[in-house]
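Enquirer: One structure, as structure tokens, below. Some questions next.
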Amino acid sequence: MPATEESGDDALYVLTAVLLTPAQFPSVLGDDYPEACAALGLTPYTAGYGLVLGQDGRGARWTVVTDDVSLVAIAIATWDCGMEYDLSLNDRTVVASLPGWPLAVAVAAPGIPAPHDPEPDPALGDPVRPPLTPPDAERWGPAQRRLGADEIALQWAIWREQVDSEVTFVAPGEKPHGGVRRVLDEVRGYLDTPPPLGRVRSAFAAGDARTLRADGPGWSMVARTDDIAFVLLDDEPGEVLPVGRGPELPGLLTALDELAVRPQ
């Protein structure tokens with residue numbers, strides 16, 4: 001992807017970009033939109049932000065925050081279609097320039113030094129803020145749990161097939177898994193007391209179904225409104241607990257979908 005129009009060491013060589021909105025945000029940053037914004041020191045405006053990840057002319061990693069959400073959304077959609085798009089930010093739309101990357105980026109800009117964290121520079125922001133770093137893939141915690149839920153949502157058919165062929169349902173019936181029961185109770189509580197913005201999100205799925213994502217303290221749930229749900233827990237590293245539809249799950253998922261935030 002091309003660099004911005006600036007030249008020299010101050011140029012930002014754009015590598016990728018992501019949205020930070022109530023309906024779409026990097027889950028590694030938090031269980032909800034306000035928490036994700038707080039991780040970057042941002043005010044959780046409803047309109048959201050775009051996060052542009054790149055390198056400067058010295059090779060240093062930077063995450064540039066812009067309030068031009070539409071520009072970033074267009075760039076992402078264009079790249080997803082396999083086409084080129086020159087994502088050049090207007091200085092007036094830049095909200096912050098943060099050292100480091102909050103996500104793992106597998107590519108680097110050609111012709112400049114390898115990606116590395118920048119040295120603190122008072123002229124470029126808070127000199128005491130540590131660089132953003134992606135979560136450690138070798139340990140299990142909230143970020144890894146949320147990333148696991150992301151993967152299930154992206155690869156739903158594969159996970160669903162495993163349930164049909166290999167895994168026994170964790171049914172929310174007479175003797176439910178204790179962690180699953182707690183999650184279902186907390187999710188049901190969202191219907192009475194709406195959670196922070198972005199804790200329940202709804203996205204497109206096949207047919208008339210929706211993919212639902214709900215998060216809370218120590219847990220994540222991914223579901224299809226016409227199918228089952230999967231639960232991940234901080235207390236059970238690497239475990240994915242499938243929840244059968246049974247008598248209560250369909251109505252709960254329908255109610256959650258009505259509550260959920262949806263992409264614009």
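The values are calculated or read from the model by the stated rules, or taken from the named source; none is laboratory data. Worth saying up front: this structure is predicted, and the values here are computed from it rather than measured. For neighbour counting, all protein chains shown are included, and Cβ atoms are generated from backbone atoms with ideal geometry for every residue, glycine included.
Enquirer: Considering only the stretch 17-51, how many residues are hydroxyl-bearing (Ser, Thr, Tyr), out of contact with any helix residue (DSSP H, G or I) (no Cβ under 8 Å at 6 or more places or on another chain) and under 20 Å from LEU147 (Cβ atoms)?
Expert: 1
Enquirer: Can you pull out every residue in the stretch 146-160 that is assigned to a helix (DSSP H, G or I), within 16 Å of the chain's Cα centre (by Cα) and over 15 Å from LEU233 (Cα atoms)? Please lay out each step first, then the result.
Expert: Let us first name the residues in the stretch 146-160 that are assigned to a helix (DSSP H, G or I), namely 146-154, 156-160.
When the remaining residues are screened for being within 16 Å of the chain's Cα centre (by Cα), the result is 146-154.
Result: ALA153, LEU154.
Enquirer: Of all residues in the stretch 198-224, how many are in a loop (DSSP other than H, G, I, E, B) and surrounded by fewer than 20 Cβ atoms within 10 Å (Cβ to Cβ)? Walk me through how you get there before you give the answer.
Expert: Quick first cut of the stretch 198-224, residues in a loop (DSSP other than H, G, I, E, B) only: 198-199, 205-209, 217-218.
Within this subset, residues satisfying the condition of being surrounded by fewer than 20 Cβ atoms within 10 Å (Cβ to Cβ) are 205-209, 217-218.
The number of residues fulfilling the criteria is 7.
Enquirer: From the list LEU71, LEU53, LEU42, pick out the single residue that is part of a helix (DSSP H, G or I), buried (at least 17 other Cβ atoms within 10 Å of the Cβ) and not assigned by TED's automatic domain parsing to the domain that holds ALA153.
Expert: On the way: LEU53 fails: part of a helix (DSSP H, G or I); LEU42 fails: part of a helix (DSSP H, G or I).
Testing whether each residue is part of a helix (DSSP H, G or I), buried (at least 17 other Cβ atoms within 10 Å of the Cβ) and not assigned by TED's automatic domain parsing to the domain that holds ALA153 leaves just LEU71.
Enquirer: Is it the case that ALA171 is exposed (fewer than 15 other Cβ atoms within 10 Å of the Cβ) and at pLDDT below 95?
Expert: no
Enquirer: Return the only residue of GLY48, GLY100, GLY82 being surrounded by fewer than 18 Cβ atoms within 10 Å (Cβ to Cβ), on the phi > 0 side of the Ramachandran plot and not charged (D, E, K, R). Step through it out loud before you land on a result.
Expert: Details: GLY48 fails: surrounded by fewer than 18 Cβ atoms within 10 Å (Cβ to Cβ); GLY100 fails: surrounded by fewer than 18 Cβ atoms within 10 Å (Cβ to Cβ).
Of the residues listed, the single one that is surrounded by fewer than 18 Cβ atoms within 10 Å (Cβ to Cβ), on the phi > 0 side of the Ramachandran plot and not charged (D, E, K, R) is GLY82.
Enquirer: Just give me the residues in the stretch 176-197 being touching a residue at least 24 places away in the same chain (Cβ under 8 Å), assigned to a helix (DSSP H, G or I) and farther than 19 Å from PRO250 by Cβ, in sequence order. Quick ask: steps written out before the conclusion?
Expert: Pass one, the stretch 176-197, residues touching a residue at least 24 places away in the same chain (Cβ under 8 Å): 177, 179-180, 182-184, 186-188, 190-191, 194-197.
Within this subset, residues satisfying the condition of being assigned to a helix (DSSP H, G or I) are 179-180, 182-184, 186-188, 190-191.
If the condition is that a residue be touching a residue at least 24 places away in the same chain (Cβ under 8 Å), assigned to a helix (DSSP H, G or I) and farther than 19 Å from PRO250 by Cβ, then GLY179, ARG182 are the ones that fit.
Enquirer: For the stretch 237-264, which positions are in a loop (DSSP other than H, G, I, E, B), acidic (Asp, Glu) and within 21 Å of the chain's Cα centre (by Cα)?
Expert: GLU239
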